[in-house]
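What follows is a set of notes on a single structure, which appears directly below.
The values are calculated or read from the model by the stated rules, or taken from the named source; none is laboratory data. In this text, all values refer to a predicted model and were calculated from it rather than measured experimentally. Cβ atoms come from the backbone with ideal geometry, glycine included; neighbour counts cover every protein chain shown.
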């Protein structure tokens, strides 16, 4: 009896310790939630209800459901999706179509609540008929210009195959591309479909804005068996109507007018007529879609800019004029900021061989006292030979700039005066013309090129054009003096011969101009000639 009294407290002590101490270690849970039960079963046929329950082996949460949830064929009203402990509940609000296979895809929406493990590409399939449709359509979407994959793009199938369906109706089947631009539509019924891809800015599944990029197939998709070779090229249509996209007063006396597309034969007039002292400078950008205007003085309270294309007036734009020193905002909400900033093309104190020194200004240049310029090559003093551009914003030194030579430029304070009468600060610049041996030369041979017009481009790893050339019936392109590095080569089939890549048009059933990249990147080495033979078929 006494022994029992002693043992009982000891056992209670060990029991209490066992409850307090938690075992250390153990692997971290990296397993996503698993389904343990469906109501009704997945791939069920003759579904007549409105409610689906999917039970998991652990507590779950939903993330970004609006973008991740895809129900195909589309329903008029999205179902209500809720979580109750370990159950995911789908409650349909519409009557489902008869004899139809539905798939409910959750993308990356489902995850556990403890370690945030994501259940990717989870899909539930059922049919309101007596069989499950099983056809598949897959492929990928790329940028028409760069051929890079496009993620998050809607790929849609329509049973109504009319051209206007993409503007008026939501798709019958749809999905989104993954990070690699790939898409896969499953559980499709055999039929003929129109296929269309859309960067849906409005989340309405309709093509109703020229700001949205699109892609379409040249032919309808007749689906009788699985297909896995659909390739769609995404592009943005150019608006058929020309319009003023932005007008702004950047600073007192400085204005910018931007259009959605280039203006043919642009011109600007002013109403009322300007006094001579305002002395306007008008600059038309090389792209043709932007007009920059400077007034030497602001003598009026307001003025109208009359923009024309040839003899056709495009716009009459009223503009209230800010005056220097007036901090009240103008039309674009700008204050007095007319800083004169000068730069040159000898970046980092180095200039590419074959170039001439160019000084660029933010404002037009009214005068430059050349006699005050000190310009030397090594120890030799040179007489600067200068040309000013028509827009008066660049000064080009036309002296010879031999490679492997050093130069020094000095322009004292006040020697340069801009259009507003502002004087420049002192300019000092030392630079060297790099030797050609620090660059590589690149040659592309095109022995099988068909007759026609092409644009051959050397682009960097971010698809920025380093050098390009127009090709018309020649079989070799030369690209001298390319900095050492990795590049890609592409060719644009310049169908309309305008020297530019031209986008497509859906209503005209015109695809963007074709772009092809050379299969492998090209490594340019300093002091080396690189030759590539590109056999285009």
For residue 123, are the conditions met, namely being more than 18 Å from the chain's Cα centre (by Cα) and in contact (Cβ under 8 Å) with a residue 40 or more places away in the chain? yes
Taking the stretch 258-277 and keeping only residues that are free of Cβ contacts under 8 Å to residues at least 24 places away in the same chain and either surrounded by 10 or more Cβ atoms within 10 Å (Cβ to Cβ) or not assigned by TED's automatic domain parsing to the domain that holds residue 311 (or both), one is left with 277
Can you name the strands (runs of 3 or more DSSP E) wholly within the stretch 359-453 that have at least 3 residues being touching a strand residue (DSSP E or B) at 6+ places or on another chain (Cβ under 7 Å), free of Cβ contacts under 8 Å to residues at least 60 places away in the same chain and in the same structural domain as residue 347 (by TED's automatic domain parsing)? 365-368, 374-377, 386-388, 394-397, 406-411
Taking the stretch 127-139 only, how many residues are surrounded by fewer than 19 Cβ atoms within 10 Å (Cβ to Cβ) and either within 30 Å of the chain's Cα centre (by Cα) or closer than 14 Å to residue 195 by Cβ (or both)? 3
Filtering the stretch 485-535 down to residues that are in contact (Cβ under 8 Å) with a residue 60 or more places away in the chain, part of a strand (DSSP E or B) and surrounded by fewer than 14 Cβ atoms within 10 Å (Cβ to Cβ) yields 529, 531, 533
Any chance residue 468 is outside any strand (DSSP E or B) and not assigned by TED's automatic domain parsing to the domain that holds residue 295: no
On the basis of being over 41 Å from the mean Cα position of the chain (by Cα), crowded, with 17+ Cβ neighbours inside 10 Å and modelled with pLDDT of 95 or more, does residue 365 make the cut? no
Residue in the stretch 231-238 that is surrounded by fewer than 16 Cβ atoms within 10 Å (Cβ to Cβ), modelled with pLDDT of 95 or more and not in a loop (DSSP other than H, G, I, E, B) present: yes
Looking at 242, 180 in this structure, which one is outside any strand (DSSP E or B), surrounded by 15 or more Cβ atoms within 10 Å (Cβ to Cβ) and in contact (Cβ under 8 Å) with a residue 24 or more places away in the chain? 242
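Taking residue 222 as the residue in question, decide whether it is on the phi < 0 side of the Ramachandran plot, modelled with pLDDT under 95 and in the same structural domain as residue 141 (by TED's automatic domain parsing).
It is false that residue 222 is on the phi < 0 side of the Ramachandran plot, modelled with pLDDT under 95 and in the same structural domain as residue 141 (by TED's automatic domain parsing).
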Condition first: part of a strand (DSSP E or B) and within 26 Å of residue 191 (Cβ to Cβ). Now tell me which residues in the stretch 136-155 satisfy that. 136, 137, 138, 139, 140, 141, 154, 155
